[in-house]
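So the structure is just underneath, and the comments pick up after that.
Quick note: the coordinates plus some simple rules give every number you see, no bench work behind them. For clarity, every value in this text was computed on a predicted model and none was experimentally measured. As a convention, Cβ positions derive from the backbone with ideal geometry for all residues, glycine included, and neighbour counts pool all protein chains shown.
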Amino acid sequence: MHSLAMRWTRFRVKLAETPEAVALTSLIVVFTFFAVAAGNFLSSLALADIVTFGSIMGIIVIGVAMLMIAGEFDLSVGSNFAVASYVWADLMNAGVPPLLAMILAVLSSAILGAINGLVVIGSGLPSFIVTLGTMLAYRGIARAIGGSDFAKYTQSRPFLFDVLNGPITFLNRLFEGGTNFRVSIIWFVLIALLMAWVLNRTRFGNWVFAAGGNPGAALEQGVPVKRVKLTAFILVGVLVGLASVMQFAHRTSVDPVRGEGWELIAVSACVIGGVHLTGGVGTILGACLGMLLLTTLETGLVLMGVSVQIFRAVAGIFLILAVLLNTYLSRGE
Amino acid sequence: MSRKVSMLMALLVVVTLLASACQPTPQVVKETVPVEVTKEVVVKETVPVEVTKEVVKEVPVEVTKVVEVPVETKPGADPNRVLNLYAVQHAMCAWDSFWCTVEEGIRRAADDMNVNVTILGPDKFDLERVAQLIDQAVAAKPDGLMVTVTDPDLFREPIQRALDAGIPVVAYNAGAGPIEDKIPYLTYLGQDEYQGGYQGGLRLAAEGGKKGVCINQQVGHTGLDKRCKGFVDALKEKGIPAEVLAISDDPASSQTVISDYYTANPDTDIFLTLGPNGANPFYAFMDAAGLKPGDIKHGTFDLSPEIIAKIKDGTTMFGIDQQPFLQGYGGVMMLTMVGRYGILPALPVTGTGPGFVTKENVDFVVDPNRPVNIYLVQHAMCAWDSFWCVVENGIKQAAKEMNVNYTLLGPDKFDLERVAQLIDQAVAAKPDGLALTVTDPDLFRAPIQRAIDAGIPVIAYNAGAGPIEDKIPYLTYLGQDEYAGGYLGGLRLAAEGGKKGVCINQQVGHTGLDKRCKGFVDALKEKGIPAEVLAISDDPAASQTIISDYYTANPDTDIFMTLGPNGANPFYAFMDAAGLKPGDIKHGTFDLSPEIIAKIKDGTTMFGIDQQPFLQGYGAVMTLMLKVRYGISPALPVTPTGPGFVTKDNVAVVEALAGTYR
């Protein structure tokens, strides 16, 4: 009996070292449940929907996760997302070549991210408050640029759109008609791999963990905490900009409230994926699994004919359960 | 230790419970079983005419039945199919009360027609989420999909995916129709803005007037501009000058603009406003100018507490309602028609509004359980004309689904005088609604007028031309829109281009047939293809010669439209004689016959246009039921049941259901 308890504790500690364990287990449980309970869930249509929808949000989540590991929040990602789409659409409609316009759009998102970072570092205010403010401010910018109206690109699709987020035709052809795997999935995986590598294998990655885990100690160790955090804020901006242009390349239309509420979904995905709200702990894989869990939940509930209004309730319960489990696993001896 | 394990177990149990709580509960469907069907024959002693009177007494018996969602949906149409429909909309009753009415319409229709509908929408305004919901709904492989086309550019791709997967799609509430939206869905159910302005104008100008003005708070907004155009057209038709006055959404400055206009044009006595933002400054102007109800005539679009108060006190003649209930109800109905009978919506835009709210109906109380007793009078019967069996099946089916009691009257041979008498007899029965065939408007005008004067809602089906052309103020005529049939047929034939088109008309001078040719010629001209009408006769041999001579003189003709078997049969004979193969030319025709069906199958004929008689019967019962229970009036003078296009894709369904549903 005693040895069993010891073994369990050891297993628990091991689990705690892999923060994505809870997210992975939950994802498997949820996936299995829907595979049994929801008609058509195991169809290529539904599965493609999950990864395609998850990929855009996933790119945002990667940035948010890195920033949370560095100990900061960005609640302005949804507003920033809308700004980038509007900038890109308006520039293209004004005759700027798509590629140049895209670079400018992503750049504008990076600048908005940089503003977040500079204000947080300069003022010393909590990033939660600062980005709550810029969430409103950037939303205002998006509305002002858009004139409270839609922005659309109705000319023929440039090749760039397909590079960013076209359908993966050869893959879709292997499955039943209507299957919609899109290029954003490839970008999402590449970005996730790259960022996971940066976090785990580079000095900058170490600095991110240090800056989020214990900034005081990190400073003493010579970690440029402010620069690391500013870089993380800009990275979030860049990733949000990329996600935004990818979605616009697919939908070719944006409305003034695009992205509203996404900031909290991104944070939820990170938390479910084992990223600590206090910083210093977390993985890109975990955050991505958290996002996939949320999209799986959404798609599964729709296929079961459950009211969409219930989704948030279920997502909220999963959030709390995940935090409870993560806290339990990583509890000190 | 064991405590920890049990905690973990407990968590797992909670997750499992949560998951199972979300499992779909089996749907309990209350089925109404017709228990007693009596058929009485009333024989009048003086006149030996048999009136077949069928009384379906329905005793609701509650049968609890679990509807299982079929794993594989059957291809094509099947009258007994359990349908699983999805509705995806950009707003929900949960956070926007307008949508409660739409959702109520969806649920009532689902209940009546015994179909399953899942309503999906975002939990706040989020069009990207709506686009994803469309994709997710497609993944559920439903038998039909209703969508609000709020942003056609955003939704084009997901809707196209649904269409590619063979899912019938209709748009409701938001959209502009498949042509303007550039998405080939079946139809859009919403308000016809031009007709709203036009019919409103006709009402305001009914008693004459000196000058009319349409007060537009957003000149340049397509929908609002259409309303004003309809109004101005209606007044000009009545010989009354009319123009548009631009105001803004700012009430104070708008009041000044209206006041200044009235000072400059003091003979203006007809005013149309396009919503509360026009009506409110207008009311303020009336107060300031000291105008009383009766001094001028005012109508408005939309309803608000102020507008309703002004309708009641007589200041405002009507408020135009888009009838959101009908958008939900009609959407489900159309998808059910497609899924069960292969019956297609006739037009790209199906008007749910204008619905006129006036002093008479402003206090209407909706009662979904109100008993409905209707009479139907038609000039022919299934008993001696098999065409009518399909119409009567539609009547029977709708009455059963909607729990409506009906009495069907008709002569025992073609006898219009007898039909006129039957109308009078039906009126004497004081039904809640009356549907009839207006075979001869002059003969039927007086009896129909008596019904209308008695306050009975009257609609026409199968035969008629609409209240305006027939000069009888009944609500609407359910039948084929002949012009639209020709026009939409022309668009199909010309879709891949062409050199020259000809409409082969066997009865030039016949109003209905001439309209078909006009529609065809207009469609081809729009596509830049010259087209004209070729007159033939009902004599097949002579007609074949005429067609042959025409083709010799115009060898570049490659698009042919015939108006029925009497045009199609000599045309086929001409093709054989001239050695033309399917593919050499394009051919479409009105109506169906065994020959036409065979030619559709072998690819010679692209389509046969069906007036969809089942829908005429079904729609007649439904329209009167909606009027009696929900106060919903048909939006347009003509409610088209056709053109329904029968092509190679659906000809098998039509053939299988021919004689009963098609």
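Some points to look at:
- Distance cut-off 16 Å, percentage of C-alpha pairs in region A:147-257 lying past it: 71
- Our coupling estimate for region B:518-534, obtained by passing each phi through the Karplus curve with A = 6.51, B = -1.76, C = 1.60 and θ = phi - 60°, is 4, x, 4, 4, 4, 4, 5, 4, 4, 8, x, 10, x, 8, 8, 9, 10 Hz, Gly and Pro reported as x.
- Neighbouring partner chain Cβ atoms per residue of B:152-161, average, 10 Å criterion: 4
- Per-bin percent of Cα-Cα distances, region B:416-573 [10 Å]: 11, 31, 23, 18, 13, 4, 0
- Converting the Cα gyration tensor eigenvalues of region B:607-662 into ellipsoid dimensions via √(5λ) gives semi-axes, longest first, of 27, 13, 7 Å.
- When the Cα positions of B:GLY196, B:TYR618, A:ILE185 are compared along the charge dipole of the protein assembly as shown, A:ILE185 comes out farthest toward the positive end, with charges on each C-beta of Lys, Arg, Asp and Glu.
- Three principal axis lengths of region B:548-662 [C-alpha, angstrom, descending]: 59, 30, 21
- Note on region B:483-610: semi-axes of the ellipsoid equivalent to its C-alpha gyration tensor, largest first and rounded to whole Å, are 18, 16, 15.
- A cut-off of 5 Å between modelled amide H atoms, ignoring neighbours fewer than 5 places along the same chain, links B:THR641 with B:GLY479, B:GLN480, B:ASP481.
- The per residue volume of the convex hull around the alpha-carbon atoms of region A:1-132 is 184 Å³.
- Amide proton proximity set for B:HIS298, modelled H, under 5 Å, gap of 5+: B:PHE271, B:MET317
- The three principal axes of the Cα atoms in chain B give end-to-end lengths of 88, 83, 64 Å, sorted in falling order.
- Axial C-alpha extent at least 20 Å, average Kyte-Doolittle at least 0.5 - helices from chain A (DSSP): A:21-37, A:44-69, A:77-93, A:98-123, A:127-146, A:183-201, A:225-251, A:284-303, A:311-329
- 10 Å Cβ shell holding at most 15 others, DSSP loop, GluC sites (Glu not before Pro): longest site-free stretch of chain B: B:497-662
- Couplings 3J(HN,Hα) of region B:611-616, computed from phi: 7, 6, x, 4, 5, 5 Hz, in residue order, whole Hz [Karplus 6.51 cos²θ - 1.76 cosθ + 1.60, θ = phi - 60°; x for Gly and Pro].
- Here the dipole of the protein assembly as shown is about 3420 debye; that uses its Cα centre as origin and unit charges on the Cβ of Lys and Arg (positive) and Asp and Glu (negative).
- Considering only B:ILE536, B:VAL508, B:GLY485, the residue lying farthest towards the positive end of the dipole of region B:483-610 is B:GLY485, judged by Cα position with unit charges set on Cβ.
- Reachable lysines from B:LYS601, criterion Cα separation under 17 angstrom, eight or more residues apart if same chain: B:LYS581, B:LYS586, B:LYS648
- 3J(HN,Hα) along region B:193-209, derived from phi through the Karplus expression 6.51 cos²θ - 1.76 cosθ + 1.60 where θ = phi - 60°, amounts to 5, 4, 4, x, x, 5, 5, x, x, 4, 5, 5, 8, 4, 9, x, x Hz, with x in place of Gly and Pro.
- Mean separation of Cα contacts under 8 Å, 6 or more apart, over the residue count of region A:20-329: relative contact order %: 36
- Dividing the radius of gyration of the alpha carbons in region B:108-260 by their Kirkwood radius gives 1.11 for Rg/Rh.
- Computed across region A:20-329, the Kirkwood hydrodynamic radius from all distinct Cα-Cα pairs reaches 19.8 Å.
- Cα-centre dipole for region B:483-610 with unit charges at Cβ (Lys and Arg positive, Asp and Glu negative), debye to 20: 340
- Database remark: amide H of B:LYS648 closer than 5 angstrom to no amide H (H placed geometrically; neighbours at sequence offset of 5 or more, or on other chains; Pro and chain starts carry no H).
- Translational diffusion coefficient of region B:122-183 (Stokes-Einstein, Kirkwood radius from Cα pairs, 25 °C, 0.890 mPa s): 212 µm²/s.
- Share, in percent, of DSSP beta bridges within the protein assembly as shown that are antiparallel, nearest 5: 25
- Relative contact order of region B:154-247, pairs being alpha-carbon contacts under 8 Å that are 6 or more residues apart, as %: 25
- When the P(r) is computed for the protein assembly as shown, the part past 55 Å accounts for 25% of the Cα-Cα pairs.
- Taking packing as the residue-averaged number of other Cβ atoms within 10 angstrom, the listed peptides B:308-317, B:617-626, A:41-50 run from highest to lowest as B:617-626, A:41-50, B:308-317.
- Each principal axis of the Cα cloud of region B:513-561 was evaluated for its coordinate range; sorted largest first, these ranges are 33, 25, 10 Å.
- Percent RCO, i.e. relative contact order, over chain B, from Cα pairs under 8 Å lying at least 6 residues apart: 12
- In this Cβ point-charge picture (+1 for Lys and Arg, -1 for Asp and Glu), region A:20-329 has a dipole of about 360 debye about its Cα centre.
- At q = 0.21 Å⁻¹, base-10 log of I(q)/I(0) for region B:193-321 (Debye sum, equal scatterers on each alpha carbon): -1.27
- Hull shadow area, averaged, region B:353-413 [alpha-carbon convex hull, nm²]: 6.0
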